[in-house]
Structures are given as structure tokens and as C-alpha cells.
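Written below as C-alpha cells is the structure these notes are about.
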Amino acid sequence: MKVLVTADIDHRIEKEFPNLAFTYMGYALEDHIPSKYTEIVQAIPEYDFLISEFDTIDRGVIDAAKKLKMIICCRGGVNSVVDIQYAASHGIMVRNTPGRNASSVVEYVLAVIFSADRHLRMADRLVMSETLQRQKFVLPEKYRDTLWGMDSTSPYHTLRGRGMHNLTLGVIGYGNIGKAVVNAAVLLGIHVLVYNHHPIVSPVPAGVEIVDKDVLLRNSDFVSLHASNCGHAVIMGSSEFSAMKEGAYFINTARGDLVDETALIEALDSGHLSGAALDVTRQEPLPPGSPLIRAKNIFITPHIAGATDEVVQTGTEMAIYHLRQYLLNRWEQSE
């Protein structure tokens, strides 16, 4: 049987299935240029399995897939790229890789919290611009070459953080990534509040509080968004940002369309929020001159929270699992 791979996965998958023939095309190749739709349609008829990621697998592709038995989509959400119901009507199984990037997003969120609480970006700018070097700080002669200053204007006081044990993190959304963020934060001694649109039926770590969204917003030093955008509704708008604790910090690694960016800019520029970190925005790439870029105390990255080698490795492990399960079931049914 033959496997068509259009996803970024580790080629070691071939060692797990020596009896399968693997072909790589499009995004799976070194230059990572996605295949054209017509190329997928032309290629798919001879393959039994498809491991995809960004390609649109709709009725046209499925109708052309005469031998296809299973689609493994290397994403958490699949509905946006695979017509699951139509695939099922043709007897094609669809599997995905939920939470494959959870650890990577956790690292990003924690890095933002560490940096923001300890004012690391500001400290770096003040030193690299030589602003601090031009200031006169009070220092006893004994410490003249070992400290920047000891008076109330010195960096030791003006750039002092609160420390993890004094912080409250509010997590909106308790899916695979939200759970991972909560677990990591708890291990660091951060107090965690969780809000989820649907009731949480699974146990949460000791000390974690499940609260209403308003309670979370009013009491969190950091608010991290991890909700899905199935309905494309704004979750964080003017009323939500106004309800946030004075001086709180907002983080979005979920989806850009969950946030009213104009309301966020107003909350930042007014000083109500101390800062925000966005890995996702409504329009990507951000257009030149975007108002977001001019907002006060904003930190924007180009959708890279889940960009680590570990994501590829975990996605590969999940793809191996799905393929193995299918082949084991097929072998058992043939007995």
C-alpha cells in the first residue's frame, strides 16, 4: 500500500512501516511550498493513505481518491481543511493530531510571563540604548563597580518583578493546550484560574479554580487565551478588556479573530493594561502601518508559538499511532 505525505513529518515514519511505500510532495518537501490543488487531485488516485496538514481535502479530492482508506491530518482542528462528513460517506477514516503543539505553546506563554513580570525587554532596551548608563544612581563607594545603583530610581527597584508565586494566571479555554498551560503553571507555583465555555468534567490540578469569565478577568495578573474559534465570535472585546485587572497583561496564542484588536489597542494606550503579547492577529501577515504595531507595550510574533522541532516529532508519533492502529485492525479482521 502507498502513503502520500504532504505534511511536515519526520521521515523516520518509514522505518516503522517498511512494507508501505511513502511519497512526499508539496509542503513535505524541503522548500515547504504547498501543493497546488490540481496536483493533489491528480496524485491522490493511487494512494491508500494521505498524511496532510495545510492542503484542502474537499469533495473534489475525495472523489478522485479511488483507493484512499484514511486521512491523517497533522492539525488539531481538521474541519477547516478536510470535509470529514464527505470522507466518511466514502468510507474514508479521518484522524488528526490534537495537542501536538501543546508543549511548544506552553513554552511561549511561560516565556512571555517570565519576560513581562521581570521587565526583561524593557531592561534590555534601557541598557542597549545606554539610557541607564547616563543616569546617576546612589551607590556607596564599596559597591561602585558591582551594582547599578541602590536608591529608589535604580533598576533593582524600578524593574523589580513580583515572582511566580505572587502571580495569578487566568486561562480561557481548557482544551489540549489550555490544560497543558495550566499544568505547567501549577508546577511553577502560579495561582491559576480557568474559564471554559463548556462545563469542565475532567479533574483539574489541585489548587486550580474553575470560575466565571468575569471573575477570571477581575482577578488575573495575566490572561492567556486558548479557546477555539469554531463560531468566529469575539471573546475578548471592549467590555472584557475593561473588566481586566488594572495593570494586567493579555496573551493570545489561539486565533486572531477571537480578539477585538481596536479594543485591545485602547486598553493598552490608556494604560489600563500593562501589556499584551500576540502570536496571532486578525490579518496575517500584519499589513504595513497596522495600528497594532503602534500600540503601547505590545509584543507581536509571527505565529510561531507552535514552531519547534518537537511539534514535528510529536505529530509524527501521532501519525505512526494512527497508521499502526489501522493496519493492526485490518490484520485482525483478516484472521
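The values are calculated or read from the model by the stated rules, or taken from the named source; none is laboratory data. Not measured: the values here are computed from a predicted model. Neighbour counts are summed over all protein chains in view; Cβ atoms, including those assigned to glycine, are modelled from backbone coordinates with ideal geometry. These area figures cover heavy atoms from the full protein model, side chains too; ligands, DNA and RNA do not enter into them. Shrake-Rupley method; radii C 1.70, N 1.55, O 1.52, S 1.80 Å.
Annotations for the structure displayed:
- Yes/no for LEU110 being within 30 Å of THR168 (Cβ to Cβ), surrounded by 18 or more Cβ atoms within 10 Å (Cβ to Cβ) and not basic (Lys, Arg): yes
- Scanning the stretch 202-225 turns up no residue that is buried (at least 23 other Cβ atoms within 10 Å of the Cβ), over 22 Å from LEU120 (Cα atoms) and among the β-branched types (Val, Ile, Thr).
- Taken over the stretch 187-200, the criterion of being without any contact (Cβ under 8 Å) to a residue 40 or more places away in the chain and open to solvent by 50 Å² or more (accessible area, probe 1.4 Å) is satisfied by LEU187, HIS191, TYR195, HIS197, HIS198, PRO199.
- Any hit, the stretch 141-158, residues being among the small types (Gly, Ala, Ser) and in contact with an Asp or Glu (Cβ under 9 Å, 6 or more places away or on another chain): no
- Filter result for the condition that a residue is surrounded by 22 or more Cβ atoms within 10 Å (Cβ to Cβ) and over 22 Å from MET1 (Cα atoms), over VAL78, VAL61, VAL105: VAL105
- Identity of the residue in the stretch 253-273, polar (S, T, N, Q) and surrounded by fewer than 19 Cβ atoms within 10 Å (Cβ to Cβ), that ends up nearest to THR301 (Cα to Cα): THR262
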